[in-house]
Amino acid sequence: MNKTSNQLPKKSLGFFPTPLTELKRFSDHLKGPRIFIKRDDLTGLAFGGNKTRKLEFLIADALSLECDTLITAGAAQSNHCRQTAAAGFIEAIKELQIQVDDLDTKISHIVFPTSSGGTHSGMMIGNSIFAQNKFKLIGIGIDKGEAGDLPLDEHVLNLANSTCEKLNLDVKYTLKDVMIRNEYLGDGYGIVGDLERRAIRLLAETEGILVDPVYTGRALGGMINMIEKKELSLDDIVLFWHTGGSPALFLYSEEITQKCTGESL
């Protein structure tokens, strides 16, 4: 009936499935809902991260075209590449659903950093195809301008719908299907504030897990704020998707070790 992502060429590069772990001490500290973490920082391939999922499809696509050189760039890339990359996170939701079934539990929300749209749009499609109980996807906006002239939610929408067309899926999304929280942008991309510093320290102190200050640290800080404001309640079961990036901790070591506002050491 349709050409799902597992029918696209794929080259194995990482270690999957990545671990799904409950953050009991972290949750207890926040006095909030049960929280799980999806450890895509452990995908392998150098320091891991969510890009490994996308590269498995992009590399296979390049090989099928008999390419012998790959050149990467930032936000500027073809829509075809973005669609192919989104396939990695369609498969990721399938992987997650299997793990959730094995745990005999249900995840109500997935919180993750969203920036260029591939991860977000792939999750939306995977959620439609594979999730037995649809997850509420909450993307935490990381920067301004990554999506070009369009607002990020419109860019994610367009990418999700064009990817569905590429895969011959009978799915159509509207803007109400794209949840992005942009109130955690702080002073801008790559500028570390109290939100990120506190989140990084809290997860490291309670669970021994490191998140980076640019993407996952900001998204985790946003999730913490939502828990403290009771937007995520004790009745929810929340998954935080760790997309990697931990090597950035070395570059930002001075900013991370600064005291938070009002903090005494």
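The values are calculated or read from the model by the stated rules, or taken from the named source; none is laboratory data. Everything quoted here is computed from the prediction, not taken from an experiment. Here the Cβ positions follow ideal geometry from the backbone for every residue, glycine too, while neighbour counts run over all protein chains shown.
Restricting attention to the stretch 191-211, does a residue exist that is at pLDDT 95 or above and farther than 21 Å from S246 by Cβ?
No, because not a single residue in the stretch 191-211 is at pLDDT 95 or above and farther than 21 Å from S246 by Cβ.
Return a yes/no flag: does the stretch 126-144 have any residue that is out of contact with any Ser or Thr (no Cβ under 9 Å at 6 or more places or on another chain), farther than 26 Å from D236 by Cα and in contact (Cβ under 8 Å) with a residue 24 or more places away in the chain.
Scanning the stretch 126-144 turns up at least one residue that is out of contact with any Ser or Thr (no Cβ under 9 Å at 6 or more places or on another chain), farther than 26 Å from D236 by Cα and in contact (Cβ under 8 Å) with a residue 24 or more places away in the chain.
Has the stretch 215-235 got any residue that is at pLDDT 95 or above, at negative phi, β-branched (V, I, T) and out of contact with any strand residue (DSSP E or B) (no Cβ under 7 Å at 6 or more places or on another chain)?
yes
Against the condition on the phi > 0 side of the Ramachandran plot and buried (at least 19 other Cβ atoms within 10 Å of the Cβ), how does G48 come out, does it pass? Step through it out loud before you land on a result.
On the way: on the phi > 0 side of the Ramachandran plot: yes; buried (at least 19 other Cβ atoms within 10 Å of the Cβ): yes.
Against the criterion (on the phi > 0 side of the Ramachandran plot and buried (at least 19 other Cβ atoms within 10 Å of the Cβ)), G48 qualifies.
Do you know which of the residues in the stretch 95-146 that are under 18 Å from R218 (Cβ atoms) and surrounded by fewer than 16 Cβ atoms within 10 Å (Cβ to Cβ) is modelled with the lowest pLDDT?
G145
Considering only the stretch 187-265, give the helices (runs of 4 or more DSSP H) lying wholly within it that have at least 2 residues that are in contact with a helix residue (DSSP H, G or I) (Cβ under 8 Å, 6 or more places away or on another chain).
194-207, 216-228, 253-257
Is at least one residue of the stretch 68-76 of a type in the set (D, E, K, R), part of a helix (DSSP H, G or I) and farther than 18 Å from I140 by Cβ?
no
Only one of (1) of a type in the set (D, E); (2) at pLDDT 95 or above; (3) more than 16 Å from the chain's Cα centre (by Cα) fails for D149. Which number is that?
Every listed condition holds for D149 apart from (2).
Among what's in the stretch 18-59 and is touching a Gly at 6+ places or on another chain (Cβ under 6 Å) and of a type in the set (G, A, S), pick the residue that is modelled with the lowest pLDDT.
Only one residue tops the list, namely G48.
Exactly one condition in (1) in contact with a Phe, Trp or Tyr (Cβ under 7 Å, 6 or more places away or on another chain); (2) hydrophobic (A, V, I, L, M, F, W, C); (3) assigned to a loop (DSSP other than H, G, I, E, B) is false for A160; which is it?
It is condition (3) that A160 fails.
Restricting attention to the stretch 168-183, and to residues there that are within 20 Å of the chain's Cα centre (by Cα) and not in a helix (DSSP H, G or I), which single residue is farthest from K229 (Cα to Cα)? Explain how you work it out, then say what you get.
We begin by selecting, within the stretch 168-183, every residue within 20 Å of the chain's Cα centre (by Cα); these are 173, 175-183.
Those still in the list that are not in a helix (DSSP H, G or I) too: 173, 178-183.
Working: Y173: 29, V178: 21, M179: 18, I180: 17, R181: 14, N182: 16, E183: 14 Å.
Once the filter is applied, the top-ranked residue is Y173.
Can you tell me which residue within the stretch 107-126, out of those that are touching a strand residue (DSSP E or B) at 6+ places or on another chain (Cβ under 6 Å) and not hydroxyl-bearing (S, T, Y), is farthest from Y189 (Cα to Cα)?
My answer is I107.
Whether any residue in the stretch 128-140 is out of contact with any Lys or Arg (no Cβ under 7 Å at 6 or more places or on another chain), within 15 Å of K38 (Cβ to Cβ) and assigned to a helix (DSSP H, G or I) is what I want to check.
No, the stretch 128-140 has no match at all.
Mind checking which residues of the stretch 205-242 are exposed (fewer than 15 other Cβ atoms within 10 Å of the Cβ) and without any contact (Cβ under 8 Å) to a residue 40 or more places away in the chain?
The answer is E205, G208, K229, K230, E231.
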